[in-house]
Amino acid sequence: MTIPRLVLGAIFACAALNYFWSVAFGRMLVPVSITPEAMQFAGMIIKTGYLWPLMKGINLAAGILLIANRAPAFALALLLPVTVIIVWFQILLNPLPVPMATAAVEVACELLLLRAYASRYAGMFMNERLNTQEPVR
């Protein structure tokens, strides 16, 4: 699971670094292909002032955690909702080849890692009543 972990971490960390670089220096390190509709949607999120930097901060932190192999299951849990948004964004607003391929790689890596770390999420799906000494009624 090392390769999917590193690939996923690199995708998210690089995307976040690209954003923070553009904020600091006024241009992106790597230009991103985006349709006018997708740019309009992203522009509205960016105009809110807090959501985009928050999401990119989470992406950067989770990407670094994955690359460093520190709390990878936690990092994956942080990235899962973001990935869902990215996939729908790419499918509905930005169906360009490179972004779609990147989203497909993200999904593949996340599914492999979710399977690998499934035991770490098991407690989230347990019935609390089954863990007590009281009989279930």
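Quick check on A61: is it free of Cβ contacts under 8 Å to residues at least 24 places away in the same chain, assigned to a helix (DSSP H, G or I), touching a helix residue (DSSP H, G or I) at 6+ places or on another chain (Cβ under 8 Å) and not charged (D, E, K, R)? Criteria met by A61. Taking the numbered list (1) open to solvent by less than 20 Å² (accessible area, probe 1.4 Å); (2) assigned to a helix (DSSP H, G or I) in turn, N94 passes all entries but (2).
Out of A108, A122, A68, A116, which single residue is at pLDDT below 95 and more than 12 Å from the chain's Cα centre (by Cα)? Exactly one of A108, A122, A68, A116 is at pLDDT below 95 and more than 12 Å from the chain's Cα centre (by Cα), namely A122. Could you please let me know if V82 is under 17 Å from C14 (Cα atoms) and open to solvent by 80 Å² or more (accessible area, probe 1.4 Å)? Here the answer is no, as V82 does not meet what is asked. If you check every pair at least six apart or on different chains, which have Cβ atoms under 8 Å apart with a residue in region 105-130 that is in a helix (DSSP H, G or I) first and a residue that is basic (K, R) and at pLDDT 95 or above second? Sorted first by the residue in region 105-130, then by its partner, the pairs are C109/R5; L113/R5. Residue count for region 14-51 under the criterion of being of a type in the set (A, V, I, L, M, F, W, C), outside any helix (DSSP H, G or I) and under 18 Å from I85 (Cβ atoms): the result is 2.
Can you confirm whether A101 is under 17 Å from the mean Cα position of the chain (by Cα), open to solvent by 50 Å² or more (accessible area, probe 1.4 Å) and not basic (K, R)?
Yes: the conditions hold for A101.
Does at least one position in region 31-38 carry a residue that is within 30 Å of R115 (Cβ to Cβ) and open to solvent by 40 Å² or more (accessible area, probe 1.4 Å)?
Kept after step one, since they are within 30 Å of R115 (Cβ to Cβ), are these residues of region 31-38: 32.
So of that shortlist, the ones also open to solvent by 40 Å² or more (accessible area, probe 1.4 Å) come out as 32.
Within region 31-38, one or more residues are within 30 Å of R115 (Cβ to Cβ) and open to solvent by 40 Å² or more (accessible area, probe 1.4 Å).
The values are calculated or read from the model by the stated rules, or taken from the named source; none is laboratory data. All of these numbers come straight from a predicted model, not from anything done at the bench. Virtual Cβ from ideal backbone geometry, glycine too; neighbours counted across all protein chains shown. All accessible areas refer to the heavy atoms of the entire protein, side chains included, with ligands and DNA or RNA removed. Shrake-Rupley method; radii C 1.70, N 1.55, O 1.52, S 1.80 Å.
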